[in-house]
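A short worksheet on the structure shown next.
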Amino acid sequence: MNSTGQDDIGTIRRIKRAIFLRRKSLGQTLRYSRGQPEAKRIVYVAGCQRSGTNLVLNMLEQSDLTDVYHETDSRSFDTYALRPESVIDALIAKSRPPFFVIKCLLESDRLTEFLDRFEDARGLFVYRHFNDVVRSIVASWPNGRNRIDQIVANPADGKWRTDGISEGTLARVRALYRPDLNNFSANALFWFIRNSLFFEKQFDRDPRVMLLRFDNLVDENAATVRRIAGFLDLPATPRMIALPNRGRVRKRQELDIDPAIREACTALLDRLDAEWQAKTDLTLT
């Protein structure tokens, strides 16, 4: 399909989404016009950039019970960063539906802090194969290196990229780094830093946090959507199940990533996969 055809499809999808959201908003206004629900669940979506969190939010958006805030929403974000807690709290107070869903990608290291602020809050930590994430980053920012060169010299220069980084992870990144690393390798180190947070912040031990493997959301969409919905106590709907698109995953040719960095990323990916599988097995027993 040529670019014109793809643009047309994108335009149609945006129009359909706008119509759906308008209809959803009107329905929620009528449904909750007599006051707020007795209980409201706050849901934070965390993880590494380009890991499929947009698809997760779009899927949750299909429910009439959710109020979803994307990182492009100026009410809740300023250049992809969450606005102050007072601003978010005001949005929560005004929100009508029983589920308030919001990203916290730049603030993934603070997920526990956010969950502690609300009773019965939930977190979804989304991860995706490093090949897919790195390819997406380089395609969008061909010359981008996610400040890896600066991080090695001074972690503070990484800005949000190094928020919450441990001394162990920083030492590992410095050991793997070389000034002549190509952009694939540099962005693989970024993937390593951000996904290491899941274990270093002990999200794996927090029952309020669900690890979500993006490939399963796409390849096993019905089962995975139902598992997410069950974790959130949100009824799964046909619209939620139908949204994930199989074409989003299977593009995984090998990239020119430094062998030592690939080995480190593979080991972390295997650990994340093992955690996902273990928790999946528990839900099936």
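From the list Phe214, Phe192, Phe184, the lone residue that is under 21 Å from Leu232 (Cβ atoms) and either surrounded by 21 or more Cβ atoms within 10 Å (Cβ to Cβ) or not polar (S, T, N, Q) (or both) is Phe214.
Would you call Arg110 in a helix (DSSP H, G or I) and of a type in the set (Lys, Arg)? Don't jump to the end; show me each part of the working.
On the way: in a helix (DSSP H, G or I): yes; of a type in the set (Lys, Arg): yes.
Yes; evaluated as a whole, the condition is true for this residue.
Checked against (1) surrounded by 14 or more Cβ atoms within 10 Å (Cβ to Cβ); (2) at pLDDT 95 or above, Pro97 meets all criteria but (2). Out of the residues in the range 6-40 that are over 26 Å from the mean Cα position of the chain (by Cα) and small (Gly, Ala, Ser), which is modelled with the highest pLDDT? Here the answer is Gly27.
If you go through the range 197-211 and keep only what is assigned to a helix (DSSP H, G or I), open to solvent by 10 Å² or more (accessible area, probe 1.4 Å) and closer than 30 Å to Asp157 by Cβ, you end up with Phe199, Glu200, Asp204.
Kindly evaluate Arg172 against the criterion of being open to solvent by 10 Å² or more (accessible area, probe 1.4 Å) and either modelled with pLDDT of 95 or more or of a type in the set (Ser, Thr, Tyr) (or both).
So Arg172 passes the test.
Is at least one residue of the range 217-227 in a helix (DSSP H, G or I), of a type in the set (Ser, Thr, Tyr) and crowded, with 17+ Cβ neighbours inside 10 Å? Yes - at least one qualifying residue is present in the range 217-227.
Give the residues of the range 16-31 that are loosely packed, with under 11 Cβ neighbours inside 10 Å and of a type outside the set (S, T, N, Q), sorted by residue number. Let's see the steps before the verdict.
Residues of the range 16-31 loosely packed, with under 11 Cβ neighbours inside 10 Å: 16, 18-19, 22, 26, 29-30.
Within the range 16-31, Lys16, Ala18, Ile19, Arg22, Leu26, Leu30 qualify.
Sort out which residues of the range 168-177 are under 15 Å from Glu263 (Cβ atoms) and of a type outside the set (Ser, Thr, Tyr), and write them in order of number. Result: Arg172, Val173, Ala175, Leu176. The set of residues in the range 228-242 being in contact (Cβ under 8 Å) with a residue 60 or more places away in the chain, in a helix (DSSP H, G or I) and not aliphatic (A, V, I, L, M) consists of Phe231, Arg239.
Restricted to the range 229-251, and to residues that are aliphatic (A, V, I, L, M) and open to solvent by 50 Å² or more (accessible area, probe 1.4 Å), which residue is modelled with the lowest pLDDT? Spell out how you get there, then give the answer.
Taking the range 229-251 as the starting set, the residues that turn out to be aliphatic (A, V, I, L, M) are 229, 232, 234, 236, 240-243, 249.
Of the ones still in play, those that are also open to solvent by 50 Å² or more (accessible area, probe 1.4 Å) are 242-243.
Values: Ala242: 89, Leu243: 81.
Out of the qualifying residues, it is Leu243.
Can you pull out the residues in the range 114-163 that are outside any helix (DSSP H, G or I) and within 19 Å of Asn183 (Cβ to Cβ)? Within the range 114-163, Arg128, His129, Trp141, Pro142, Asn143, Gly144, Arg145, Asn146, Arg147 meet the criteria. So which residues in the range 257-285 are modelled with pLDDT under 95 and of a type in the set (Asp, Glu), if there are any at all? If the condition is that a residue be modelled with pLDDT under 95 and of a type in the set (Asp, Glu), then Asp281 is the only one that fits. Assess whether Leu65 counts as being closer than 13 Å to Pro97 by Cβ and in contact with a Pro (Cβ under 6 Å, 6 or more places away or on another chain). So Leu65 passes the test. Checking the range 118-137 against the condition returns a match, with at least one residue being open to solvent by less than 10 Å² (accessible area, probe 1.4 Å), closer than 28 Å to Phe20 by Cβ and over 16 Å from the mean Cα position of the chain (by Cα).
Cβ separations smaller than 6 Å between residues 6+ apart or across chains give the following pairs from the range 15-33 residues that are closer than 19 Å to Pro98 by Cβ to residues that are surrounded by 10 or more Cβ atoms within 10 Å (Cβ to Cβ) and not acidic (Asp, Glu): Gln28/Arg96; Gln28/Pro97; Tyr32/Arg96.
The values are calculated or read from the model by the stated rules, or taken from the named source; none is laboratory data. Predicted model only: the values in this text are computed from it and were never measured. We place every Cβ from the backbone using ideal geometry, glycine too, and count neighbours over all the protein chains shown. Quick note on the areas: whole protein, heavy atoms, side chains included, nothing else; ligands and nucleic acids left out. Shrake-Rupley method; radii C 1.70, N 1.55, O 1.52, S 1.80 Å.
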